[in-house]
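The values are calculated or read from the model by the stated rules, or taken from the named source; none is laboratory data. All values derive from a computational prediction rather than experimental measurement. Reconstructed Cβ throughout: ideal geometry from the backbone, glycine too, with neighbour counts over all protein chains shown. Accessible surface areas use protein heavy atoms only, side chains included; no ligands, DNA or RNA. Shrake-Rupley method; radii C 1.70, N 1.55, O 1.52, S 1.80 Å.
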Amino acid sequence: MDRAYELFKKRRFVQDIMSKDIVTITPEASMAEAARIMGAKHVGSLIVEIEGKPEAIITERDLLSNVLAMGKDPETVHVMDVMSSPLITVSPTATIKEAAQTMISQKGRLVVFRGDELVGIVTAADLIQSLPESSETSLTIDRVMTKKVIMVPSNAIVNDVIKIMGEKRIGSVLVTKQGKPFGIFTERDLLTTFLTRGKSLETRVGDAASFPLITIPLGTSIHQIALTMALKHIRRLPIIEGEEIVGIITARDLVDAYTK
């Protein structure tokens with residue numbers, strides 16, 4: 001843990017934390033193809049190139065909320081129908097704080113340009129890797145977390161769960177067995193388990209949930225939560241008090257807290 005902490009402390013600028021593996025797609029491609037690429041590459045977004053220039057972006061949330069949750073066939077929906085533009089940009093020499101403020105104010109992932117060249121992309125998950133080195137915030141976890149946690153039974157059908165996630169505009173649900181949470185189902189699970197492999201969405205969500213469920217106690221410092229997410233490579237953490245889940249916190253929640 002201490003060694004990881006020291007590594008995080010060295011990351012002060014966007015160029016230190018940005019993802020350099022940029023994956024692109026054309027606006028004419030189908031969202032089904034986009035899903036397969038994101039799943040295969042283990043990324044949550046694709047840059048849309050128009051005439052060879054980066055002009056827009058699509059994300060796993062676009063796929064969930066604007067396609068699947070609305071009952072549309074991703075094979076017939078084109079990237080151009082759901083992509084977002086213009087791109088939200090940041091300099092590679094911008095500070096972590098500046099990047100976090102831009103992400104929260106503009107509500108999107110950041111693309112990094114050096115002059116006219118696209119050199120990286122920054123997500124909330126990238127940003128939280130730098131948070132443990134920042135000064136402590138006065139915000140407490142109960143003011144940052146989402147207190148209403150959506151849970152679904154393990155026998156719920158994935159297709160129905162997708163609609164719930166789309167309607168609630170959330171990226172995950174907790175999955176229960178006999179009324180007790182045992183796992184979590186996320187946008188990334190949807191990509192990697194179903195859309196990339198062509199698995200039927202009529203599957204029970206309990207068969208696709210990630211488990212065991214990683215939780216963290218109420219009262220844990222925000223920076224300890226950020227470090228836990230970074231080390232575990234997760235973007236969401238349910239919060240427990242005793243044996244009860246009392247909320248959930250995401251990487252974006254942490255970035256938001258950092259900007260306060």
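Rolling a 1.4 Å probe across all protein chains gives Phe13 an accessible area of roughly 80 Å². Close amide H pairs (under 5 Å, H built 1.01 Å from N) link Gly247 with Ile239, residues at least 5 positions away or on another chain.
Working note: Karplus 6.51/-1.76/1.60 with θ = phi - 60° gives region 182-190 the couplings 10, x, 9, 10, 10, 4, 5, 4, 4 Hz, where Gly and Pro are set to x. Full extension of the segment from Thr146 to Lys41, taken as 0.36 nm per residue of separation minus the current Cα-Cα distance, would add 34.8 nm.
If the segment from Glu241 to Thr215 were pulled out straight at 0.36 nm per residue, it would be longer than the present Cα-Cα gap by 8.3 nm.
How large, in Å, is region 28-130 by the Kirkwood hydrodynamic radius built from its alpha-carbon pairs? It would help to have the intermediate numbers written out before the result.
On the way: mean 1/r = 0.0694 Å⁻¹.
Mean inverse Cα-Cα distance, inverted, gives 14.4 Å.
A simple packing score, the average count of other Cβ atoms within 10 Å per residue, orders the peptides 92-100, 251-259, 197-205 as 251-259, 92-100, 197-205, with the highest score first.
Note on Glu49 and Ser85: the model spin-label points, each 7 Å out from Cα along the C-beta direction, lie 1.5 nm apart.
Size descriptors for the chain, from the alpha-carbon set: Rg then Dmax equal 18.4, 56 Å. Placing a pseudo-label 7 Å from each Cα along the Cα-to-Cβ vector at Leu231 and Phe113 gives an inter-label distance of 3.9 nm. By accessible area, using a 1.4 Å probe on protein heavy atoms only, region 103-223 has 47% of its surface on carbon and sulfur.
Run lengths n ≥ 4 of DSSP H only: what is the helix-derived mean residue ellipticity at 222 nm for the chain, with -39500 (n - 2.57) per run over all residues, to the nearest 500? Numbers along the way, then the final one.
On the way: 11 runs with 84 residues, N = 260.
When only DSSP H runs of four or more count, the value is -8500 deg cm²/dmol.
In this structure, the residue pairs whose Cα-Cα separation is over 28 Å, taken from Lys20/Lys72; Lys168/Lys232; Lys41/Lys260; Lys72/Lys147; Lys20/Lys97, are Lys20/Lys72; Lys41/Lys260; Lys72/Lys147.
In plain terms, the chain from Asp21 to Lys163 could stretch by 48.0 nm, reckoned as 0.36 nm per residue minus the Cα-Cα distance. Taking amide H positions as modeled 1.01 Å from N, with prolines and chain starts lacking one, the residues under 5 Å from Ile150 and 5 or more places away or on another chain are Leu174.
Taking the Kirkwood radius as Rh and the Cα radius of gyration as Rg, region 119-260 has a ratio of Rg/Rh equal to 0.98.
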